[in-house]
1. Working carefully through the options I128, I104, find the one that is over 20 Å from T15 (Cα atoms) and in contact (Cβ under 8 Å) with a residue 40 or more places away in the chain.
2. Would you be able to say whether some residue in segment 34-56 is over 17 Å from R116 (Cα atoms) and of a type in the set (D, E)?
3. Against the definition (in a loop (DSSP other than H, G, I, E, B), more than 19 Å from L41 (Cβ to Cβ) and not hydroxyl-bearing (S, T, Y)), how does E150 come out, yes or no?
4. Look through G111, G87 and report the one residue that is touching a Gly at 6+ places or on another chain (Cβ under 8 Å) and part of a loop (DSSP other than H, G, I, E, B).
5. Filtering segment 167-195 down to residues that are hydroxyl-bearing (S, T, Y) and at pLDDT 85 or above, which residue is farthest from I7 (Cα to Cα)?
6. Tell me yes or no: at least one residue of segment 95-108 is touching a His at 6+ places or on another chain (Cβ under 9 Å) and part of a helix (DSSP H, G or I).
7. Only one of Y182, Y171 is in contact (Cβ under 8 Å) with a residue 60 or more places away in the chain, surrounded by 16 or more Cβ atoms within 10 Å (Cβ to Cβ), more than 19 Å from the chain's Cα centre (by Cα) and not assigned by TED's automatic domain parsing to the domain that holds T114; which?
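The values are calculated or read from the model by the stated rules, or taken from the named source; none is laboratory data. Nothing here was measured: the structure is a model prediction, and the numbers come from that model. All Cβ positions, glycine included, derive from the backbone under ideal geometry; neighbour counts span all protein chains shown.
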Amino acid sequence: MIEIQDIVVDPVIPTLRFRCDVKRCKGACCTIPGGRGAPLLDEEIAEIDKVYPVVRKYLSEEHRDIIKDQGMVEGQSGDFVTTCVEGKACVFVTYEDGIARCAIEKAYLNGEITWRKPLSCHLFPIRIDRGLQGQRLRYEHLDDCAPGLEKGSQTDVSLPAFARDALIRAYGQEWYDRFLVYCRSVQRNHDHSGT
């Protein structure tokens, strides 16, 4: 583990090649079984409330009914998540050609809102663990993300490069620049070791 400006970084992150391949994974990160949706920062609750009137038109009637009955989020301060549908899909999932996509991001990409989506979704497959000792970045292994690892290797896109915008959003450009210096040193050592 390495610490960059009080953020602990899992040393596997710099060594991975990753690029989402939604045609193959079908948006699996938006439909992880387990009954808990996307982790949310407390300040993101207000963002969700603000964008919902725009986003709702992209959601199915089933998802809108669940939001009406159960709300958009659940949990408590420091542990909020998006509501799930049948313990699996995030309530903000919209399906296009069998692929689970984020309705919030769809509205953002269409220029209808200025907030892209929850930070945890933007960062995935990097997760932030928050504890008394501070924050730790880790890679979350998901079998359904194997196509993303393959595509990253084929296109030579590193996980740090893939997550660039999200990491800058989370920690700023200066932190990301320091993180890249660390990543390059790990990658050099990794390449020389032949592993």
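1. I104
2. No, segment 34-56 contains no residue that is over 17 Å from R116 (Cα atoms) and of a type in the set (D, E).
3. Against the criterion (in a loop (DSSP other than H, G, I, E, B), more than 19 Å from L41 (Cβ to Cβ) and not hydroxyl-bearing (S, T, Y)), E150 does not qualify.
4. It is G87.
5. The qualifying residue farthest from I7 (Cα to Cα) is S185.
6. Yes.
7. Every option except Y182 fails the conditions.
Each row is one residue, and each column tells you yes or no for (1) among the basic types (K, R); (2) buried (at least 17 other Cβ atoms within 10 Å of the Cβ); (3) not assigned by TED's automatic domain parsing to the domain that holds A170.
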| site | (1), (2), (3) |
| --- | --- |
| G71 | no, no, yes |
| V81 | no, yes, yes |
| F92 | no, yes, yes |
| E96 | no, no, yes |
| R130 | yes, no, no |
| D144 | no, no, no |
| P147 | no, yes, no |
